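Taking it in order: structure first as structure tokens, then the write-up.
Each value in this text was obtained by applying a stated rule to the coordinates, not by laboratory testing. Only a predicted model underlies this, so the values are computations on that prediction, with no experimental measurement involved. Cβ sites come from the backbone with ideal geometry, for glycine too, and all protein chains shown count toward neighbours.
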Amino acid sequence: MYHVAVAFDVQPDRREEFIAACHADARDSAVDEPFTQRFELVVDENDPNRFYLDEVYDDAAGFDKHMAGPHFAKFFERIGHIAEGPAWLIRGTRVVDPTAS
């Protein structure tokens with residue numbers, strides 16, 4: 001599994017617009033991208049205008065397909081003027097414990 005986590009700082013008066021764009025991206029990706037395993041929006045516990053996207057893909061190639069797809073482009077069209085980011089927090093492959101059941 002390939003994990004990606006990014007942060008965005010959103011203009012306070014545009015929070016709902018940003019949230020809607022994230023939810024649309026998550027829904028559309030879940031429907032059209034079988035390689036997208038998880039797409040979650042998280043708001044910072046101390047800053048209501050900082051958001052995190054926590055995403056999981058089958059592999060790095062799946063994330064590359066997501067970035068090349070229409071939902072990714074549409075998302076950035078919608079949020080480009082209302083949010084700063086993404087700031088990359090995590091980008092890598094999960095290390096699985098081979099002894100775990």
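Details
- The number of residues in segment 66-101 being of a type in the set (S, T, N, Q) and either part of a strand (DSSP E or B) or surrounded by 11 or more Cβ atoms within 10 Å (Cβ to Cβ) (or both) comes to 1.
- When segment 7-35 is limited to residues that are in contact with a Phe, Trp or Tyr (Cβ under 6 Å, 6 or more places away or on another chain) and in a strand (DSSP E or B), the one that is farthest from Arg91 (Cα to Cα) turns out to be Val10.
- Matching residues in segment 11-65 - criterion: being within 16 Å of Pro86 (Cβ to Cβ), surrounded by 14 or more Cβ atoms within 10 Å (Cβ to Cβ) and out of contact with any strand residue (DSSP E or B) (no Cβ under 8 Å at 6 or more places or on another chain): Ala21
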